[in-house]
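A quick write-up on the structure given underneath.
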Amino acid sequence: MGVYNPDTVPFYAGIATSTRAGAALTEEQSLAVSTVYACVYKIATSMASTPLVVLEKENGITREATENPAYALINYQPNAVQTAFSFWEYIISQSLMYGVGYAVIERNNQGRAESITPVNFYDIEPKNVNGQIMYKVRGLGVIAFENMLVISNMCGLSPLRVQRDNIALAKAAQDYGSDFFGNGGQMTGILSTEQPLKAQQVDAVQQQWNQSSQTSGVKLLPFGFKYQPITVPPETMTFIETRQLQAEEIARAYQVPGILVGLGTATYDSVEQQNLLYKQQTLLPWAKRIQQEVDRKLLPSFERPNFYSQFRLSDMYKTDIKTQADFYTQMLQSGVLSINEVRDELEKNAVAGGSTHTVQVNQIALKNFEDYSEKISSEQKLN
């Protein structure tokens, strides 16, 4: 069956693609490269952790429309077996791996979406039927365009396919390191002797040497034998540098700053800047992709544009609480923002009387500030 099943492996085996590094990798095998896994995990969990809500804007006032049926669907329970977090983590991971993630929309008699269930990438075949996009789903038949939630990466391109040579090279370097250190960091070598040996004697000497090589400490050569290590030129031992370079290339392809996936070191200030860059250049585009698809497929046309979905991006952009509090305090006291404008940025509902701009002088309305200033000036002259 094509529908998501929590009891099965979440990703179907992909089609292995040959690479210039000599290895053929599927998307799933690419996850064995730690940087690939870290980037997919970082983006998918970042988005899944950010609340996605339905808002209603009426008469200039914005509020959370918790009563809207789509609200619970995208923010709590999209289907019978998943939470909203696991749903978004899954479908975004699919898009990051394959270039696109799919979910079938089931509707009630009124045409409202009542469940959204992800489908494995390799169980779907997009089709053009008389100019209409349709989706042939294994086990479900043909699904209409409006009943398929489609979260696509840039042009539907899979970063794993685009970066397959870099990933294959990173995997080869990783495997080389595993083999090398799995051998205790020892190079292979040759045991030689001038004594004539029978085949059984050769096997016995080789077995004895291999067993002694697996232990640390001083090794004893069999009598009459010499050991000549097979050395490796220094330039071939640069796999650590190779791994670092390929890891940076993979992180760049996913638009994830290296420091956020364990590459390099940085100060607190630079980490904060890297986080801000990551949120602006990576997470914001993903938020836009998802919001627009949710609005188009899960909200009835008669509700738009008054109703719309939105990630609570303020949660993404939060610095430490003190810095944020100081900033909004200054904006309020200088009259740049009203209480409701601050609440809107924090994605909180408006409050009565909160749309008036005030200044720090007793928090009076700006429209009354001129009269207040004249009054204070007159009192000072009298004194």
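Label sites at I190 and E67, each approximated as a point 7 angstrom past Cα along Cα to Cβ, lie 8.7 nm apart. Taking the number of Cβ atoms within 10 Å of each Cβ as an exposure proxy, the fewest-first ranking of L149, L73 is L73, L149. Taking the fewest neighbouring Cβ atoms within 10 Å as the starting point, the ordered list for D123, D326 is D326, D123. Which entries of K57/K348; K279/K348; K288/K348; K127/K297; K42/K127; K288/K322 show an alpha-carbon separation above 24 angstrom in the structure shown? K42/K127; K288/K322, as the Cα separations exceed 24 Å there. Each residue in I190, I116, I143 was given a count of other beta-carbon atoms within 10 angstrom of its own, and listing them fewest first yields I190, I143, I116. Full extension of the chain segment joining N147 with N59 gains 28.5 nm, where the gain is 0.36 nm per residue of separation less the Cα-Cα distance. Between F225 and L277, the modelled labels are 5.5 nm apart [label points 7 Å from Cα along Cα→Cβ].
For V351, put the label point 7 Å out on the Cα→Cβ axis and report which residues of the stretch 31-75 keep their amide N under 18 Å from it. In the stretch 31-75, the label zone of V351 (backbone N under 18 Å from the point 7 Å along Cα→Cβ) covers 61-64.
Since every read-out is calculated from the coordinates, none of them should be taken as a lab result. For clarity, every value in this text was computed on a predicted model and none was experimentally measured. Virtual Cβ from ideal backbone geometry, glycine too; neighbours counted across all protein chains shown.
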